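Trainee: For reference, the structure I am asking about is given below.
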Amino acid sequence: QHERLEPCCCSGIGGSCGLPSSMPRPPRLLLGLVIVAVLQAALGASECGARELLGKGAPAIDLGGAIEGLECPGFAEDRRCCDALPAQKVLAFLQYAVQHDRDTLAAFEPTIAETERALAAGAADECSPVFEMLIRPRLSVLPSMIQRSLGALNSVEHLVMSGLCAYCFAEEEGSTFRVTQNDGPAARQLSGLALSVHATQQRLQDTDAEMLALEEGKVCVPKYLAELWTGSVAGSRVASTQEGLESADGSANAEAFMGSVEAIARLRRWPHERRRLSSSFHAEALEHFDDDFFEIAERLLSFLVGPVARIVHQLQLLTLTFGGRYHRSSSRPVARLLWGAGAGAARTLEHSAGEAAIEASRAPLSSASSVRDVGDDGDHGSRFGMVVLISNRTEEGVVQGLLQRLEGPRTLFLEDVCGDAFESLGAGCHGGGLQQSRCLTPVYAAAIAQGATADGQPVERLPRAAWRRHGTTRSIAHSASVLAASYWGEDCVAWLADFRPSSACPGAPTLAEAFAAGIPGAKLELVREPAKLLGLPTSAEGIRAEPPDAAHLAAQASDMLADTPLATRLAEYLEFHRRGVAALASDADSDIPVLVYSCQPYAQCGGHGDRLNGIVTAFMLAVLTRRLFLIDSESPLPLQLLLTPRLVDWRVRGGLFATAFLRHHSYHDKRRQFDTDLGRLASYPERVLVLTLNYRMLRMLFEAPALHLQAAELGLPL
C-alpha cells in the first residue's frame, strides 16, 4: 500500500509545515515517526527568517516583543528580529486588500440579478434561445464560485500572516504546535479551489463549443463569442467530477493538485529569494521586507478574484450583445464590433414595448453627449472642432485668456508634458515614495475639466480637457487626431492652435515635425498665428520650428531601419511557434512550454501604451526562452476582436484556467524585480508561465546573463 504525504513546501521562511489534518492517513508506524520528527524539530527550534535571510552576521533587531495585531502561536514573540513598522504595514495592507476583494466579489451579485432581469424581460426573437444557452450556465455557477472565493480569503490571510510570523520571530523551543503547521491545509484549500474552478471553466467552454457547433454560420452567433473560442488552449484539462478532483491515487488530477500546491509555495518563496539574488534588494530587506508580503498577498488574492471576474465580464458583454443598444439589428459601431458582418440585420419580430423603453432610456440626453452624430443631416460645416495645445510650461495668464475666449464642447484643451521620461514614468510615480514628488501631474487639464476656471458657466458651455502624460507612444498631432475623432466623429476636421512655448522645452518634437511625419486618416488643420487670431499677446504664441525638409526625414527613417528584418532573424522561432500551435490544436495536453501575457478584467494592466510595452517585452522573453507566445487580453474586449494575428497566432482559446492564475507573476511598475527575476523566469519549471508587465525592457532582456547567449545568436543589440 502506498500512501501520500503532503510535502512541506508551503511554510514561511524558518517555518515548519507539520501534518495537515485533511491529508490521507498514513500507516500507524509512519504516523508515529512523523510525530516524533515534529517533536524533535520543536526541541531544536530554527532561527527567524529575517536573520536567516540577512545572514548570521547581521545586527540583531530587538525592539521589544510582540507586534500588535499579529498572533504567532509557537513562536517566541518576546524576541523580535524584524522592524515592527514594516510588519504593521503588512497587516494594514492585508486588512485593506482582503476587504477590498470581499467587496469586489460581493459587488458581482447585483450583476447576476440584473442579468436575470434582462433574461426575463428580453425580446422574444429568433436569437433568444441562443442567448439563454450562453447565459444560464454562467448564472448557475457564479453564486457558488463567489462564495467559495469568499471562503478562501481566510486561507490567503493565514498564508501571509504565518509567513510574517516565521520571518519576524524564531520558533519557540518546546512548542508542539506552530501557526505554520496550518500552511498545508490552507494551501490544499486553495489548490482544491483552483482545480474545481478550472473544471467549471472547462464545462462552460464545452457548453459554448456545443452551441457554436450547432449555430455555426447562423446569424445568432456574435463575432465576440466566435473570436473568444479561437486560438490555443493554455493549460491541460482536469477531471470535471468532484470525485476526480478529490482523488489522490496517482491520477492526472492528483498531479495537478500537487502542482498547484507547489505553485502556491513558489509565489510565497520568490519575493524572499529575490533578496538573496540582488545586493540592492538584500540591502533593503531590513526596512522594506513588507514589499515581499504585499506581493504575496496580491498574487494570491488575484487568483481568488480573477476567474470569477472573467465570467462576470463575459456575462456583462453577452447581455450587451444580445439586448438593447448593441443588438445585432443595431448599426452602432460597438454593435458592428461585437457582431461583425451580421450587425444591422433586421429583426424577425418587433421590439417589445419593454425593450424599446429600455433603449430609449439609454439614449443620449444632451447635445454634448451626442455630438458625434451632429452633421448627419448633410451640414458639413458642423463637423469641426478646435484642439488648443497647451503644456505644463504655458503661462497661467495665457490659459486664462484662452478660457475667456473659447467655450463649449467643440473646444478641447490638450495639455502636453514638457519633462524627461524619468519625471513622467519614473519609479514610484504610481506607488508613492520619494520619487512621487518629482512625477509630472496635469497643471491645467484637471481644473478645466472640472470647470473650476469657468467662472460659473453652464455645463453645456464648458470646454473639454485632456492630459497627454508622455510622448513615447504617439505624437501630439496623433493624440489630437484620435481625441477629436472620439469626441466629434471620424469625419470631423480638427483645427490645432498651438500655445506650447517650445523654447521652454528644448528637444521636444515640434508640431510641424508631427505634421510632416503624416498620420494616416487624420483630418487636421493648423491654425496660423492663433494668438493674433484670438487677440492674445503675440509673445504668448508657441515658437514653432519650420518643417524639416524631405531629405532630412528620409535620412532619419533610414537610420531607424535594421540591417536584417526581425522576422528574418526570428524565422526559426516562427516555425517553432507554428508547430507548437498545431500541436496544441490536436492535443491540448501537449508538453509545449507557453508564456502568456495576461490582462484580466478588473486587474491592473495600464493603458494602451503600457499594454503594448508589456506585450513586446513578454514576446521577446518567449523567443529567448523557447516558449509559445500567447496573449490573454479580454479587458475591455477580447484583443482578437480588434487585431488579427499575422506571423504569430497569439490567441488564447477561452481565456486562462484558474490553475494558471497560480503561475501568474505580475511586474506592473516593477522594473527592478523583473530584472532580478530574469534568471528564474528563464528556467521556469512549469509548462505555463503567465506574466503581466507594463514596461518595454528589451535591453534588460538582451543583457541578462541567462539570456545573453540566445540574444547574441539572434543578432540582437547587446
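The values are calculated or read from the model by the stated rules, or taken from the named source; none is laboratory data. Just so you know, these numbers come straight off a predicted model, no measurement behind them. Methodologically, a virtual Cβ is constructed for each residue, glycine included, from the backbone with ideal geometry; neighbour enumeration extends over all protein chains shown. Areas reflect the complete protein model, heavy atoms only, side chains present, ligands, DNA and RNA absent. Shrake-Rupley method; radii C 1.70, N 1.55, O 1.52, S 1.80 Å.
Trainee: Let me check I have the definition right: for the range 154-207, take the eigenvalues of the Cα gyration tensor, multiply each by 5, take square roots. What are those semi-axes in whole Å, largest first?
Mentor: 35, 10, 6
Trainee: Could you compute the FRET efficiency for E572 and V334, with r as their C-beta to C-beta distance and R0 at 30 Å, rounded to 0.05? Walk me through the numbers before you get to the answer.
Mentor: Details: r = 41 Å, r/R0 = 1.36.
My answer for the efficiency is 0.15.
Trainee: What are the ³J(HN,Hα) couplings of the range 488-494, residue after residue, when phi is run through the Karplus curve with 6.51, -1.76, 1.60 and θ = phi - 60°? Round to Hz, x for glycine and proline.
Mentor: Computed from phi, the couplings for the range 488-494 are 10, x, 5, 8, 6, 9, 9 Hz.
Trainee: Sort 169-179, 227-237, 688-698 for me by packing, meaning the mean count of neighbouring Cβ atoms within 10 Å per residue, highest on top.
Mentor: Going by the mean number of other Cβ atoms within 10 Å, highest first, we get 688-698, 227-237, 169-179.
Trainee: Length gain on complete extension for the stretch A712 to E686, per 0.36 nm per residue less the alpha carbon to alpha carbon distance?
Mentor: Value of the extension gain: 6.8 nm.
Trainee: Another one. Cβ neighbours within 10 Å, averaged per peptide: list 678-685, 306-313 in order, most packed at the top.
Mentor: Going from most to least packed, we get 306-313, 678-685.
Trainee: Could you grab the relative contact order for the range 590-690? Cα pairs under 8 Å, six or more apart, rounded to a whole percent.
Mentor: 38
Trainee: A further question on this structure: What FRET efficiency would be calculated for the residue pair A226, V527, taking the C-beta separation as r and a Förster radius of 45 Å, to the nearest 0.05? Intermediate results must be reported in sequence, preceding the final value.
Mentor: Details: r = 46 Å, r/R0 = 1.02.
The value I calculate is 0.45.
Trainee: Can I ask one more? How long is the gain from S486 to Q400 if the chain were fully straight, where each residue apart is worth 0.36 nm and the alpha carbon distance is subtracted?
Mentor: 28.4 nm
Trainee: For the range 562-718, what is the accessible area per residue in Å² when the probe is 1.4 Å? Show your work: numbers first, answer last.
Mentor: On the way: 6510 Å² over 157 residues.
Using a 1.4 Å probe on heavy atoms only, each residue of the range 562-718 averages 41 Å².
Trainee: Take the range 107-146, drop everything but the C-alpha atoms, weight them equally and run the Debye formula without solvent; then report log10 I(q)/I(0) at 0.17, 0.19, 0.21, 0.24 Å⁻¹ to two decimals.
Mentor: Evaluating at q = 0.17, 0.19, 0.21, 0.24 Å⁻¹ gives log10 I(q)/I(0) of -0.46, -0.55, -0.65, -0.80.
Trainee: Quick one: Debye curve from the alpha-carbon atoms of the range 111-189 only, equal weights, vacuum; give me log10 I(q)/I(0) at q = 0.21 Å⁻¹ to two decimals.
Mentor: Listed by q, the Debye log ratios stand at -0.95.
Trainee: Among 625-632, 475-482, how do they line up from the highest to the lowest mean number of other beta-carbon atoms within 10 Å? Provide the component values of the computation, followed by the final result.
Mentor: Working: 625-632: 23.1, 475-482: 21.4.
Highest-to-lowest ranking by the protection proxy: 625-632, 475-482.
Trainee: Moving on to the next point. Considering all alpha-carbon pairs of the range 587-651, what whole percent are spaced by more than 13 angstrom?
Mentor: Working: 1372 of 2080 pairs.
Counting every Cα pair in the range 587-651, those more than 13 Å apart make up 66 percent.
Trainee: Between E460 and Y96, what is 0.36 nm times their sequence separation minus the Cα-Cα distance? Round to one decimal in nm.
Mentor: Length gained between E460 and Y96: 127.1 nm.
Trainee: Using the Kirkwood radius over C-alpha pairs as Rh, can you work out the diffusion coefficient of the range 250-307 via Stokes-Einstein at 37 °C, viscosity 0.692 mPa s, in µm² per second?
Mentor: Once the numbers are plugged in, D ends up at 254 µm²/s.
Trainee: Any chance you could check the Cα centroid distance between the range 600-651 and the range 681-718 for me, in angstrom?
Mentor: Taking the Cα centre of the range 681-718 as reference, the centre of the range 600-651 is 16 Å away.
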